[in-house]
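Chemist: Sharing a structure below in structure tokens format, with a few things to ask.
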Amino acid sequence: MTKSEILSSRRILIMATDGFEQSELDVPLERLQAAGAEVDIASIGTDDITGWDGDDWGDEIEVDLRIADVRVDDYDALVLPGGQINPDLLRVEEKAVALIRAFADADKPIAAICHAPWLLIEAGLAKGRRMTSYKSIRTDIANAGADVVDEEVVVDGNIVTSRCPDDLPAFCDAIIDMLATAAAPASG
């Protein structure tokens, strides 16, 4: 199997809203698609969402479906990009938090980078786990009961966490490796 086919039978969901860290959505999207996966973007509504890039708004990205319309059985994994704005807006959305819990209940991989572990905290998934994140939210993660470490990528069961855009190569590799060795793909 070639590198571009390794995830050819996999379907991955990226959940985000306005203010996602541009590279933390773009790079996983590109890497997962390059590995052959089908990737959908889910958001609160169906309007395009806009990233945050450096010190200003970034590019818009097309939304494929609303979070409320996602069927977990249709996907093999969930990717949560960070940025300060995006996860802060999503963690107060009941349907977004419920979707994260549903992926966890289905024992499907969930990958969160930068500030996105806030979403794992909100979903009740941090306690007892080994995790990393952007440095400014590590106290939040520790207060939620996680063992916090300063490493480029941490895999604990089906949860993958990373610190920042510099860690994107290791973050994407961990997602791809996890999916390449996982059981049968989703039914969608």
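The values are calculated or read from the model by the stated rules, or taken from the named source; none is laboratory data. Predicted model, so just to flag it, every value in this text is computed and none were measured. Don't worry about glycine lacking a Cβ; one is built from the backbone with ideal geometry, like all the others, and counts go over all protein chains shown. Keep in mind that these areas ignore ligands, DNA and RNA; they rest on the heavy atoms of the full protein, side chains included. Shrake-Rupley method; radii C 1.70, N 1.55, O 1.52, S 1.80 Å.
Chemist: Arg66 - would you say it is more than 15 Å from Ile12 (Cβ to Cβ), in contact with an Asp or Glu (Cβ under 7 Å, 6 or more places away or on another chain) and modelled with pLDDT of 95 or more?
Modeler: Working: more than 15 Å from Ile12 (Cβ to Cβ): yes; in contact with an Asp or Glu (Cβ under 7 Å, 6 or more places away or on another chain): no; modelled with pLDDT of 95 or more: yes.
Answer is no for this residue.
Chemist: Would you say Leu119 is open to solvent by less than 10 Å² (accessible area, probe 1.4 Å), modelled with pLDDT of 95 or more and within 17 Å of Asp156 (Cβ to Cβ)?
Modeler: Judged against the criteria, Leu119 is a match.
Chemist: Let me ask another. Considering only residues that are polar (S, T, N, Q), under 16 Å from Cys172 (Cβ atoms) and touching a Pro at 6+ places or on another chain (Cβ under 9 Å), look in the range 4-44 and name the one that is least open to solvent (accessible area, probe 1.4 Å).
Modeler: Residue satisfying both the conditions and the ranking: Gln22.
Chemist: Would you point out the residue of the range 45-55, among those that are in contact with a Phe, Trp or Tyr (Cβ under 8 Å, 6 or more places away or on another chain) and of a type in the set (Val, Ile, Thr), that is least open to solvent (accessible area, probe 1.4 Å)?
Modeler: Checked the range 45-55; the qualifying residue least open to solvent (accessible area, probe 1.4 Å) is Ile49.
Chemist: State all residues of the range 157-172 that are surrounded by 15 or more Cβ atoms within 10 Å (Cβ to Cβ) and of a type in the set (Asp, Glu); if no residue qualifies, say none.
Modeler: Just the residues of the range 157-172 that are surrounded by 15 or more Cβ atoms within 10 Å (Cβ to Cβ), to begin with: 158-165, 167-168, 170-172.
Asp167, the sole residue that qualifies.
Chemist: Here is a further query. Is it the case that the range 162-176 has a residue that's in contact with a Phe, Trp or Tyr (Cβ under 9 Å, 6 or more places away or on another chain), closer than 18 Å to Ile41 by Cα and not in a helix (DSSP H, G or I)?
Modeler: no
Chemist: In the range 56-102, which residues are assigned to a strand (DSSP E or B) and either small (Gly, Ala, Ser) or open to solvent by 70 Å² or more (accessible area, probe 1.4 Å) (or both)?
Modeler: Result: Asp56, Trp57, Gly58, Asp59, Glu60, Arg66, Ala77.
Chemist: Find all pairs meeting these conditions: Cβ atoms under 7 angstrom apart; at least six residues apart or on different chains; first residue within the range 102-130 and among the aromatic types (Phe, Trp, Tyr); second residue open to solvent by less than 30 Å² (accessible area, probe 1.4 Å).
Modeler: Phe103/Val72; Phe103/Leu78; Phe103/Ile110; Trp118/Pro87; Trp118/Ile137
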